[in-house]
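**Q** Below are the structure tokens for one structure; questions will follow.
The values are calculated or read from the model by the stated rules, or taken from the named source; none is laboratory data. Bear in mind the structure is a predicted one, so any value in this text is a computation, not a measurement. Cβ coordinates were reconstructed from backbone atoms using ideal geometry, including for glycine residues, and neighbour counts include every protein chain displayed. Calculation scope for accessible area: heavy atoms of the full protein, side chains included, ligands and nucleic acids excluded. Shrake-Rupley method; radii C 1.70, N 1.55, O 1.52, S 1.80 Å.
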Amino acid sequence: MDSIPIILFLIVFVMILFGYPVALTLGGISVLAGLIFFDADFFYLVSLRIYGIMNNFVLLAVPLFIFMGLTLEKSGIAEKLLETMAILFGKIKGGLAYSVIIVGGMLAASTGIVGATVVTMGLISLPTMLRRGYDPKLATGVIASSGTLGQIIPPSVVLVLLGSVLNISVGNLFTSALLPGMTLVFLYLIYVAILSVINPSMAPAMPKEVVEEFRRKKNTLDIINAFFLPFILIFAVLGSIFMGIASPTEAAGIGALGALTLSYIQGSINLKKLKDISAETTKLTSIVFMILLGATSFSLVFRGLEGDKILVELITSSNLSSEVFLIYVLITVFITGFFIDFIEIIFIVVPVIAPILIALNIDLIWVGIMLAINLQTSFLTPPFGFSLFYLKSVSPKEIKTTDIYKGVVPFVIIQVLFLVFLFFNPEYIYIIPDFLENYNS
């Protein structure tokens with residue numbers, strides 16, 4: 001009987017690897033297991049769980065952040081920001097790569113939607129980078145990795161979901177994730193700087209006449225607006241959270257309204273675009289919540305069969321230290337990310353390990369940040385890295401899939417090394433939260 005929960009978990013994992021829909025796999029196996037091992041009352045318990053999820057105020061932030069990100073993408077605000085930044089950095093070697101990384105960080109801080117960011121930057125930047133002589137591997141690596149910064153830089157849908165599953169404050173996750181996210185941006189910039197010095201032909205500067213022509217066409221006000229509008233949105237969303245004015249969910253509402261307002265001011269939104277944005281938001285939100293409902297049903301069965309107690313007893317009886325267990329968790333999530341999506345990992349793996357983390361007195365905020373960075377790598381690791389697919393779908397024909405795979409390897413290594421740093425220096429994530437606490441007091 002003790003092995004039944006583990007067998008169910010393995011069955012789910014195998015079926016997902018074979019391509020069965022995640023939400024239906026989780027929900028279907030949960031219903032069958034509930035009927036076999038429990039009785040009809042199981043469905044009453046499931047309905048209570050579903051009602052609890054639908055009544056969760058924190059999860060309301062998910063569709064709002066998705067709506068905000070899609071609005072910025074469809075309205076062209078992100079495109080103007082990227083074009084302007086590229087020209088400002090165009091005169092220096094690696095300038096285009098710097099602009100993509102910085103804009104990737106800014107879009108992450110104002111959208112949190114990886115797919116929208118990667119596609120936007122791929123459509124706008126990749127042809128320009130290739131035309132200016134950039135190495136295809138560097139160009140694709142920079143775009144794909146910068147687009148995934150939305151996983152860790154708040155506001156992040158990943159952090160919202162992790163906070164919900166780990167039952168910890170999303171606001172605390174946001175403040176703790178800001179410095180690690182900014183550090184990753186800085187590390188990417190250092191890598192490009194070193195590469196442009198070692199091998200300048202991989203990241204050449206833009207011709208002087210191109211930069212001057214752009215500056216003739218665009219006045220100072222246009223350039224200021226390209227930066228000013230996104231900064232307003234970033235400040236409205238993150239500032240309201242960090243200053244204690246709004247909760248993450250309320251800030252998501254501010255962000256959604258702010259994105260619409262900025263798009264209206266620029267005259268880049270209309271009813272057709274609004275309809276497309278709403279439809280896409282509904283689709284993405286439905287996918288997330290279908291998986292969440294299936295995962296909740298599976299978690300109910302797993303805990304009903306005392307799977308969590310079995311795992312806790314297994315870990316405690318093996319005399320593993322909390323550090324060693326956490327290393328195993330991070331390695332497992334990293335490897336799992338090669339094959340399944342981050343949402344599936346959050347809703348399948350994290351609920352299973354959460355009771356063990358609590359039993360071992362491990363700081364859940366620290367774990368949440370490391371899991372978010374770990375999940376960020378899942379977007380970049382072949383064969384199923386979603387950022388790689390997003391970028392390939394909008395890449396010119398001369399870009400090979402192997403170019404993209406090779407291009408992201410250095411950035412994956414950077415993320416893994418930074419993850420190791422955070423493992424040995426947990427206090428690093430609390431620098432900004434401690435500062436804000438002292439400031440607000």
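**Q** When the residues of region 333-356 are filtered to those that are touching a Ser or Thr at 6+ places or on another chain (Cβ under 7 Å) and not β-branched (Val, Ile, Thr), which remaining residue is surrounded by the fewest Cβ atoms within 10 Å (Cβ to Cβ)? Talk me through it step by step, then tell me what you get.
**A** Residues of region 333-356 touching a Ser or Thr at 6+ places or on another chain (Cβ under 7 Å): 334, 337-338, 342, 345, 349, 351.
The next check asks that each one be not β-branched (Val, Ile, Thr); those that pass are 334, 337-338, 342, 351.
Numbers: Phe334: 18, Gly337: 23, Phe338: 13, Phe342: 26, Pro351: 18.
Ranking the qualifying residues of region 333-356, first place goes to Phe338.
**Q** Here's a follow-up. Look through region 114-125, keep the residues that are open to solvent by less than 20 Å² (accessible area, probe 1.4 Å) and either in contact with a strand residue (DSSP E or B) (Cβ under 6 Å, 6 or more places away or on another chain) or not small (Gly, Ala, Ser) (or both), and return whichever of them is modelled with the lowest pLDDT.
**A** So, considering only residues that are open to solvent by less than 20 Å² (accessible area, probe 1.4 Å) and either in contact with a strand residue (DSSP E or B) (Cβ under 6 Å, 6 or more places away or on another chain) or not small (Gly, Ala, Ser) (or both), the one modelled with the lowest pLDDT is Val114.
**Q** Within region 85-101, is there a residue that is under 23 Å from Gly255 (Cβ atoms), among the basic types (Lys, Arg) and modelled with pLDDT under 80?
**A** no
**Q** To continue, here is another question. Cβ-Cβ distance below 7 Å, separation of 6 or more or different chains: which pairs start in region 45-71 with a residue that is under 13 Å from Met290 (Cα atoms) and end on one that is open to solvent by less than 10 Å² (accessible area, probe 1.4 Å) and among the basic types (Lys, Arg)?
**A** Note: no pairs meet the criteria.
**Q** Also, quick follow-up: Residues in region 342-363 that are charged (D, E, K, R) and over 26 Å from Asn425 (Cβ atoms): how many?
**A** Our first condition is that a residue be charged (D, E, K, R); within region 342-363, this holds for 344, 363.
From the residues that got through so far, the ones that are over 26 Å from Asn425 (Cβ atoms) too are 344.
Counting residues in region 342-363 that are charged (D, E, K, R) and over 26 Å from Asn425 (Cβ atoms) gives 1.
**Q** Could you tell me which numbered condition Ala40 fails, if it satisfies all but one of (1) under 27 Å from Ile277 (Cα atoms); (2) at pLDDT below 75?
**A** The single condition Ala40 does not satisfy is (1).
**Q** So, in region 305-332, of the ones that are in a loop (DSSP other than H, G, I, E, B) and closer than 23 Å to Ala33 by Cα, which residue ends up modelled with the highest pLDDT? Walk me through how you get there before you give the answer.
**A** Keep residues of region 305-332 that are in a loop (DSSP other than H, G, I, E, B), which gives 305-306, 318-321.
When the remaining residues are screened for being closer than 23 Å to Ala33 by Cα, the result is 305-306.
On the way: Leu305: 78, Glu306: 73.
Taking the candidates together, the pick is Leu305.
**Q** Only residues that are part of a helix (DSSP H, G or I) and surrounded by 19 or more Cβ atoms within 10 Å (Cβ to Cβ): list them for region 254-279, please. So that I can check it myself, show each step before the final result.
**A** Filtering region 254-279 down to residues part of a helix (DSSP H, G or I) leaves 254-265, 271-279.
The answer is Ile254, Gly255, Ala256, Gly258, Ala259, Leu262, Ser263, Ile277.
**Q** Which condition breaks for Ile153 when tested against (1) part of a helix (DSSP H, G or I); (2) buried (at least 24 other Cβ atoms within 10 Å of the Cβ); (3) under 16 Å from the mean Cα position of the chain (by Cα)?
**A** Looking at each condition in turn, Ile153 falls short on (1).
**Q** Moving on. Look at region 383-405 and say how many of its residues are assigned to a loop (DSSP other than H, G, I, E, B), open to solvent by less than 20 Å² (accessible area, probe 1.4 Å) and at pLDDT below 85. So that I can check it myself, show each step before the final result.
**A** Quick first cut of region 383-405, residues assigned to a loop (DSSP other than H, G, I, E, B) only: 383-385, 394-400.
Remaining after also requiring open to solvent by less than 20 Å² (accessible area, probe 1.4 Å): 385, 399.
If we keep only those that are at pLDDT below 85 as well, we get 385.
Counting residues in region 383-405 that are assigned to a loop (DSSP other than H, G, I, E, B), open to solvent by less than 20 Å² (accessible area, probe 1.4 Å) and at pLDDT below 85 gives 1.
**Q** Further question on the same structure: Within region 357-377, can you find the residues that are free of Cβ contacts under 8 Å to residues at least 60 places away in the same chain, assigned to a helix (DSSP H, G or I) and open to solvent by 10 Å² or more (accessible area, probe 1.4 Å)?
**A** Hits for region 357-377 are Ile358, Ala359.
**Q** Out of region 406-441, which residues are touching a residue at least 24 places away in the same chain (Cβ under 8 Å) and open to solvent by 80 Å² or more (accessible area, probe 1.4 Å)? Full working, then the answer.
**A** Going through region 406-441, the residues touching a residue at least 24 places away in the same chain (Cβ under 8 Å) turn out to be 406-412, 414-416, 418-419, 422-423, 426, 428-433, 436, 440.
Of everything in region 406-441, those that are touching a residue at least 24 places away in the same chain (Cβ under 8 Å) and open to solvent by 80 Å² or more (accessible area, probe 1.4 Å) turn out to be Lys406, Ile431, Asn440.
**Q** With the requirement that a residue be within 27 Å of Glu437 (Cα to Cα), at pLDDT below 95 and open to solvent by 50 Å² or more (accessible area, probe 1.4 Å), what does region 175-217 give you?
**A** Once the filter is applied, which keeps residues that are within 27 Å of Glu437 (Cα to Cα), at pLDDT below 95 and open to solvent by 50 Å² or more (accessible area, probe 1.4 Å), region 175-217 yields only Met182.
**Q** Something else: Looking only at residues that are hydroxyl-bearing (Ser, Thr, Tyr) and open to solvent by 60 Å² or more (accessible area, probe 1.4 Å) in region 13-68, which one is farthest from Thr117 (Cα to Cα)? Even if it seems obvious, please write down each step before you answer.
**A** Our first condition is that a residue be hydroxyl-bearing (Ser, Thr, Tyr); within region 13-68, this holds for 20, 25, 30, 44, 47, 51.
Now narrow it down to the ones that are open to solvent by 60 Å² or more (accessible area, probe 1.4 Å): 20, 44, 51.
Working: Tyr20: 28, Tyr44: 41, Tyr51: 33 Å.
Checking each candidate, the answer is Tyr44.
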